[in-house]
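Below is one structure, written out as structure tokens, with a few remarks after it.
The values are calculated or read from the model by the stated rules, or taken from the named source; none is laboratory data. Keep in mind it's a predicted model, so treat the numbers as computed, not measured. Glycine gets a Cβ as well: all are built from the backbone with ideal geometry, and neighbour counts include every protein chain shown.
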């Protein structure tokens, strides 16, 4: 059963009565700011949700993975972006590992290979898995891939982050699905949370009133 969030006055009375009649059931308790439901979905509410603001990025314990398409010359370019400001120095593609230390460094821009006519010109120096461009420590090119094929690039040592928006009832819901399973650890507002150790509770509901257009948060009777 659910009740509106404002229906909370009875909790105070119930607590007072429990001192007189200990046999009465324990008073319902609001779960911690971060908890999970029986399906493994994680919820963030209360002051923690308020402090996160309307939107936030939550870090996981999983390595960052990006799908990158190889160019016409079979090259994969890795460079910083607004969502990946740090590309690190080690990557894994399929079962192969690549390191910044294994890349050739061109000191002259004119000598840096460019893709022209499906061929890197000038040809990259043999014995290297790719190259770094002059004065571009954070922009690398890996070579030897199939042109036009997309590859999952795993950024070793860099944890992934996911973006979430607070709903109209002022709480976050992080879904646990077969296609997007819940990570083992979530870093929320600087605090690490082990998902398996989170308390389990029935979640709230957020529903829109079709007549007024307002959103109402309903909480379980166990709260």
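Listed values, structure above:
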item	result
Filter pass, residue 134 being in contact with a helix residue (DSSP H, G or I) (Cβ under 6 Å, 6 or more places away or on another chain) and either modelled with pLDDT of 85 or more or part of a loop (DSSP other than H, G, I, E, B) (or both)	yes
Condition broken by residue 178, with the remaining ones in (1) within 30 Å of residue 50 (Cβ to Cβ); (2) outside the structural domain of residue 69 (by TED's automatic domain parsing); (3) in a loop (DSSP other than H, G, I, E, B) satisfied	(1)
Filter pass, residue 189 being at pLDDT below 95, more than 30 Å from residue 76 (Cβ to Cβ) and within 19 Å of the chain's Cα centre (by Cα)	yes
Subset tally (residues that are free of Cβ contacts under 8 Å to residues at least 24 places away in the same chain and farther than 17 Å from residue 66 by Cβ) for the stretch 150-180	3
